[in-house]
Amino acid sequence: MTQAINVTRGIHWVGVNDHQTDLFESLWPLPRGVTYNSYLIDDEKTVLVDTVKSPFMTDLLDKIREILGPGRGLDYLVINHMEPDHSGAVKILKSIFPEMKIVGNAKTKDLLESFYSLTDDLVIMKDGDLLDIGSRKLQFFMVPMVHWPETMVTWDASTKTLFSCDAFGGFGALDGGLFDDEVDMNYYEGEILRYFSNIVGRYSPQVQKAIEKLKGLGDIGIIAPSHGPIHRKHPGRIIELYDRWSRHETECGAVIVFGSMYGNTQKTADAVARAMAEEGIENMVYHDISRSHVSFIVRDIWRYKALVLASCTYNTMLFPPMNELLDHLLNKKMKNRFLGLVGSYSWSKGALEALQAFASKGGWDLIGPQVEVKSAPGPEDLAACWQLGKNIAEKLKSCDYLEKFTLD
Ligand code: FEO
C-alpha cells in the first residue's frame, strides 16, 4: 500500500492532511482540519503541481519518493499560487532537487524572490502557454485574484484534469476518502462555501472571468483543487455552485444574527424568527454573534437571500463583535440581499444608527420596519419585530432557488 493515491493516468495525489493547524491564515477555524493537495505527474518528465505548508514537507517528500523511486528527481515544479499554504515547501524542494525548473508566470517571479530569494531556473508562462512533458502537454491559464494576482490553473487535456488551486477547494481534511464519490459532500460543500465566501468571495468578478475562461476547455473530467476533495464524479456541480455564489445568486432562506448582553436583544431576534417560521420559512440560520465564529456567519449570509441584524449598543457604539461582522461584510462586497435591522440601547443610542450607516453603503434591499428598542422590548417593540419577520418572509416567498447540501 502506498501513501500517495492515484488520481488518473500518471497523476498521483501526494498532498497532506493537516489536523494540527487550528486557524487557517491564523484567522479561520478548522474544526476538521484542512488538506494541502499536491499532485505528482509521472510522465517522461516528472512534474509536481503545487507543494504544501512548510511543516508538512517531510510527508510530501515521502510520497514523492514513493512514486519516483530511487534515482529519479523532479524535472518541474508548477506553482499555481504563491500563498505559503501551497508554496511553503518550494525552497527546500529546490535544494533537494537542484535541477528542478520552477514553472509560473511573471507575477510568480516577483513573489518567489520576495518570499524565498529564488531567482534561477524559472520557466515563465503566459496565458494559454503549453509545456511538453512527454505523452502530454500541460497548459496554463491565468486566473488573477482567484485568489492572488499571480494565481493560475494548470490543464492536462490528455486526462481532462484541471489543477485549480484555491478555486473549488474548501476546508476539512480528507481522512481516507479523497474523491467526491468517497466522502460526505454534504459536509464538504458547506466547507467549500466557507472557504469561498471568506477567502475568495471578495473577488467574485474575477471568479466569473475565470469560469468564462474555463468554458473554453470543453468537458472537464476531474477538478483537482489544492484543498478538499477531488471532484471526479460531479465536476460540473462544483463549477455550477461557484458560478452561482460568485454571481451572488442566493438561496431562499434567512440568517438572523443577534448581539445581546443580557438577553433583551435576543428577544427581538426571537420575535422576527418566530414570525418567519409561522410564515413557512424553513431555511433559517440563527447566530449569536458572541458565540458563532464570523467565518460561519459570513458563509451562511453568502448562501441565503435575507439577513436580519439585531444588536445592542455598547459604550455608545455598535456591539463590538457585530461591528466586526459588518467590517467583514463590507470587505466582501456582498449584494442582492434583503436586510432587516433591529437596534437596542439603554442610556445612549448608537446601534441602530450604526446598522443604518452600514446598510447605506449599498448592496442591501432594506426591509422595514426598522426597530429601535430601549432596554427591554415591550409589546409594541415585539409587534414591530414580528412585522419585520412577516415582511421578510413575504419577500422570500417569491424566491424558489434551493440547493441540497446542509450546513453544520
Ligand atoms: Fe490556499 Fe490562497 O491559498
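Just so it is clear, none of the values below were taken in a lab; they were calculated from the coordinates. These figures come from a predicted structure and were not determined experimentally. Cβ atoms come from the backbone with ideal geometry, glycine included; neighbour counts cover every protein chain shown.
Between ALA277 and LEU217, full extension at 0.36 nm per residue minus the direct alpha carbon distance yields a gain of 17.1 nm. Between GLU324 and GLU113, the contour length at 0.36 nm per residue exceeds the alpha carbon distance by 72.5 nm. In this structure, the amide hydrogen of ASP181, modeled 1.01 Å from its nitrogen in the peptide plane, lies closer than 5 angstrom to those of ARG232, LYS233, counting only residues at least 5 positions away or on a different chain. Counting only alpha carbon atoms, the long axis of helix 294-303 and the longest principal axis of the chain meet at about 90°.
Axis angle, to the nearest 10 degrees, between helix 235-246 and the longest C-alpha principal axis of the chain: 40 degrees. Judged by the mean number of other Cβ atoms found within 10 Å, the most tightly packed of the peptides 116-123, 245-252, 383-390 leads the ranking 383-390, 245-252, 116-123.
The H on the amide N of LEU307, modeled in the peptide plane, is under 5 Å from the matching H of VAL255, PHE338, LEU339, GLY340, each at least 5 residues off or on a different chain. Among the cysteines of the chain, those whose beta-carbon sits 4.7 Å or more from every other cysteine beta-carbon are CYS165, CYS312, CYS385.
If you wrap the tightest convex hull around every Cα atom of segment 228-282 and split its volume per residue, you get 138 Å³. Per-residue Cβ neighbour counts within 10 Å put ILE297, ILE223 in the sequence ILE297, ILE223, beginning with the fewest. Comparing the chain with the 2.2 N^0.38 Å rule of thumb, its C-alpha radius of gyration ratio is 1.10 (two decimals). Adding -39500 (n - 2.57) for every DSSP H run of four residues or longer, then dividing by how many residues the chain holds, sets the calculated 222 nm ellipticity at -10000 deg cm²/dmol. With 0.36 nm allotted per residue and the present C-alpha distance subtracted, the ASN315-ASP243 stretch has 21.7 nm of extension available. Among the listed pairs LYS215/LYS332; LYS137/LYS404; LYS215/LYS397, those with a Cα-Cα distance over 30 Å are LYS137/LYS404; LYS215/LYS397.
For ILE102, the residues whose amide H sits under 5 Å from its own are LEU77, LEU122, VAL123, ignoring neighbours fewer than 5 places away on the same chain, with H placed 1.01 Å from N. Cβ-to-Cβ counts within 10 Å put LEU193, LEU366 in ascending order as LEU366, LEU193, the fewest first. Cβ crowding within 10 Å ranks MET334, MET261 as MET261, MET334, fewest other Cβ atoms first. More than 14 angstrom separation, counting every C-alpha pair in segment 193-262; what % is that? Result: 68 percent of Cα pairs exceed 14 Å.
Shape index of segment 128-187: Rg/Rh, with Rg the Cα radius of gyration and Rh the Kirkwood radius from the inverse mean 1/r over Cα pairs, equals 1.06.
If one computes the Cα centroid of segment 193-246 and of segment 290-338, what distance in Å separates the two points? That distance is 25 Å. Using only the alpha carbon atoms of segment 251-306, find the Kirkwood hydrodynamic radius as the inverse mean reciprocal pair distance, in angstroms to one decimal. About 11.6 Å, per the Kirkwood formula over Cα pairs.
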